Amino acid sequence: MPLPISLVFVVLAAIGWSWTLLAFDRQETPPKITPSETRGLPIAFLWGALTAALVFVASTLVRLPALFGTGSESVARAILEEGLKSLGLVVLFVWQRAQFAGWRQGIGYAGLIGAGFVLGDYAVRLEDLLPAEQWEAAFFWRILVFGGLPGLCTGIAGVGLGVARTASSRPLSALAVVAGLAGATAANALLRSEIVAAETLSAANALPPFGAYLLLVGAYLLLYAWGRRRVAQVTSAVPTQ
């Protein structure tokens, strides 16, 4: 597949995954993440693209340390990647306070950052991620199946920040932020880094992380269903005028 056509599919995948994660924000009444109500939408997207460029430059110029022995460089990359993406979330958390009201907005902004990261990452490394040989398998796994991983991983940090917004005490807020960042980094190291590090992708080496990936997607589906139920309960409890 020609690289320009491949990049079109990358764009479609990024749009699809960001729209999916923004569905959490669409569950309830405003504040919502929309261009008319917040400038955070383009900022989140551009921050994701900038993060991809910074991670690429850092990993190219600096040898990332193997924090847990030989072959564990992916952990350092995951910490760098999720740390930078979460920094953007923190900026939005502080700057767009009115539109960052809870965990739903955290997931929504994470989806936008993840979409920007996907586009930036593939723009600078498309030939490596979609090699000429066996590009069909790489295209299927890296774009169609795992294309949403940057947003899904960062979404965990978004949940932590959103919970911190509504927590009843500062210790609980700090715990939520730390837990969210740790969860995002762990998901990145276990899933995304393993997929990116593989020189060639096939069912043999992609199926093991695919099982954990399904668990992550399932967790988001359960969270979405629980959120819809909570919104329905609150809406039905409000007396009509």
Identify, among A98, W141, L84, the residue whose Cα sits farthest towards the positive end of the charge dipole of the stretch 3-225, taking +1 on the Cβ of Lys and Arg and -1 on the Cβ of Asp and Glu, with the dipole about the Cα centre.
A98
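Ranked by Cβ crowding within 10 angstrom, fewest neighbours first, how are Y220, Y213, Y109, Y122 ordered? Intermediate values should be presented prior to the final figure.
On the way: Y220 19, Y213 22, Y109 37, Y122 25.
Final ranking by Cβ density, sparse to dense: Y220, Y213, Y122, Y109.
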Label point distance in nm, A167-T34, each placed 7 Å from Cα along Cα→Cβ:
3.2
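In deg cm²/dmol, rounded to 500, what helix-only [θ] at 222 nm does the chain give when every DSSP H run of at least 4 residues adds -39500 (n - 2.57) and the total is split over its residues? Display every interim value, and only then the final one.
Details: 9 runs with 173 residues, N = 241.
Computed mean residue ellipticity for the chain: -24500 deg cm²/dmol.
For a distance above 21 Å, tell me the whole-number percent of Cα pairs in the stretch 3-225 that qualify. Let's see the in-between values first.
Details: 12918 of 24753 pairs.
The proportion of pairs with Cα distances above 21 Å equals 52 percent.
Using 0.36 nm per residue of separation minus the Cα-Cα distance, give me the extension gain between A186 and L215 in nm, one decimal.
Numbers: separation 29, 0.36 × 29 = 10.44 nm, distance 1.37 nm.
Extending this stretch completely gives an extra 9.1 nm.
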Hey, with R₀ at 25 Å, roughly what FRET efficiency would L207 and W135 work out to, going by the Cβ-Cβ distance, to 0.05?
0.85
Below 8 Å, C-alpha to C-alpha, sequence gap of six or more: please give me the relative contact order for the stretch 3-225 in percent.
26
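Please give the FRET efficiency for A174 paired with R228, using the beta carbon to beta carbon distance and R0 = 25 Å, rounded to the nearest 0.05. Write out the running numbers ahead of the final one.
On the way: r = 29 Å, r/R0 = 1.17.
For R0 = 25 Å, the calculated efficiency reads 0.30.
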What is the helix-to-structure angle for 40-61, meaning the angle in degrees between its Cα long axis and the longest Cα principal axis of the chain, kept from 0 to 90 and rounded to the nearest 10?
30
Order of I79, I107, I195, I5 under a 10 Å beta carbon neighbour criterion, fewest first:
I5, I79, I195, I107
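Under the 0.36 nm per residue contour assumption, what length would be gained going from the current alpha-carbon distance of L46 and V91 to full extension? Don't skip to the answer; put the middle values down first.
On the way: separation 45, 0.36 × 45 = 16.20 nm, distance 1.29 nm.
In short, 14.9 nm is gained.
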So, in nm, how far is label A66 from label A23 when the simple model puts each one 7 Å beyond its Cα toward the Cβ?
4.2
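What ranking of R63, R104 emerges when the number of other C-beta atoms within 10 Å of each C-beta is taken as an exposure proxy, fewest first? Walk me through the intermediate numbers first.
Details: R63 9, R104 27.
With the fewest neighbours first, R63, R104 line up as R63, R104.
Where in the chain lies the longest segment free of GluC sites (Glu not before Pro) that are both loop residues by DSSP (not H, G, I, E, B) and have at most 11 other Cβ atoms within 10 Å? Don't skip to the answer; put the middle values down first.
On the way: sites that count: E133, E199.
Within the chain, the longest run free of exposed GluC sites (Glu not before Pro) spans 1-132.
Each reported figure results from applying straightforward, stated rules to the coordinates on display, with no laboratory input. Nothing here was measured: the structure is a model prediction, and the numbers come from that model. So basically every Cβ, Gly included, is an ideal-geometry build from the backbone, and we count neighbours across all protein chains shown.
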